[in-house]
Every structure is written in C-alpha cells, then in structure tokens.
Amino acid sequence: MFVDEVLVLDVPVAAAQDRLLAFHDDGGVQDAATFAFREGHALLQGDGFTGWTDQVAVHSVPAYLRGATTILPLRWVVTGTGGDIFPAVDANLELDEAPDGRSRLTFRGSYRPPWGQLGFVLDQQRLQDAAGATARGLLDRVADALLAGRSHSRPGSSPPRGSGERLSHG
C-alpha cells in the first residue's frame with residue numbers, strides 16, 4: 001500500500017532545506033515522526049486494534065540530493081507488544097521547489113499489510129487511514145518547524161498544527 005501527501009510552504013527552498021537538515025540533525029524529524037506515528041496508532045486503537053504498544057523506532061540515514069530535490073529516507077518499526085500486527089513503513093520526506101516557486105514538502109511512503117492476503121483485505125480502510133494520518137502528522141510538524149525556523153521540537157510537546165497548503169492526500 002502507498003501513501004502520498006504533499007504540502008506547499010511559503011518558505012524559499014534554500015531556507016527550507018537548511019532548516020530541514022538542521023531539524024533532522026537535532027532529532028526534530030525523529031520526534032515529529034514519533035508523534036505522527038502515535039496519531040495513526042490512536043486511529044487504530046479507536047477501530048479496535050488494542051492491547052499493543054505505541055513504542056516505535058524511527059530510523060533515518062543522512063539526507064541526500066537527487067537533482068534539485070532533498071531526500072530524507074525514514075523507516076518506522078513498532079518495537080513493543082504487537083509489533084507484528086503493524087507494518088513497517090518506509091518513506092521518503094522530499095523537499096523541492098513547487099512550480100509557483102514555493103517549497104514543496106512531500107511524504108512518499110509504502111508499507112506491506114501484516115498477515116499476507118488477509119492483512120490486505122483487513123487493511124483496505126483501517127491501516128490506510130492510520131498511514132495517511134501518520135504522513136499528514138509528520139508533514140504538518142516538519143512544515144511548522146520549517147516555517148518557524150525552529151531547529152528542534154521540545155521532547156514531549158506537540159508543535160502547533162495546520163501550516164502549509166495541502167495539495168493532495170492519498
């Protein structure tokens with residue numbers, strides 16, 4: 001299954017790139033990804049997926065350039081109880097220039113539903129909704145940091161939400 005979300009921000013690309021790299025280096029992207037995962041997790045708990053932990057490990061490697069696009073690879077893995085029922089999510093956080101000259105922040109991710117074909121059938125709505133909420137939560141938090149010029153969110157706090165113009169959601 002695939003998840004694709006896009007936000008366009010009123011920040012010059014060069015400034016957004018510098019802020020994204022600083023936010024990542026300071027651990028802000030990992031904190032934002034953890035908060036975002038918990039939002040998706042909360043949706044699943046509301047749908048009856050209970051009895052498992054919201055502990056997650058977020059892995060990343062250094063960002064790199066592909067043409068004029070900054071790519072930051074990420075992977076979420078549930079580390080606690082029930083990790084086998086929540087898929088690992090592999091995604092790229094991408095930053096480039098939108099056609100109108102503003103910065104475009106994109107989440108492109110994929111995951112394999114647990115339990116093979118049965119998981120695919122069960123997944124149609126529940127896990128897709130949770131994955132979408134996770135993607136939107138991460139984009140919103142990173143966008144807030146890029147717009148504010150913050151290098152790192154405080155552990156245990158949730159940055160304000162809703163900045164940027166959402167272009168699409170999958």
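Of all residues in segment 43-99, which are of a type in the set (Gly, Ala, Ser), surrounded by 13 or more Cβ atoms within 10 Å (Cβ to Cβ), at pLDDT below 80 and outside any loop (DSSP other than H, G, I, E, B)?
Within segment 43-99, just GLY83 meets the criteria.
Filter segment 101-129 down to the residues that are modelled with pLDDT under 65 and not in a loop (DSSP other than H, G, I, E, B) and list them by number.
The answer is GLY116, GLN117, LEU118, GLY119, PHE120, VAL121, LEU122, ASP123.
Taking the condition outside any helix (DSSP H, G or I), under 22 Å from GLY27 (Cα atoms) and modelled with pLDDT of 90 or more, does ASP140 pass?
When the stated conditions are applied, ASP140 does not pass them.
The values are calculated or read from the model by the stated rules, or taken from the named source; none is laboratory data. In this text the structure is predicted, and so the values were computed from the model without any measurement. Positions of Cβ are backbone-derived with ideal geometry, glycine not excepted, and every protein chain shown enters the neighbour counts.
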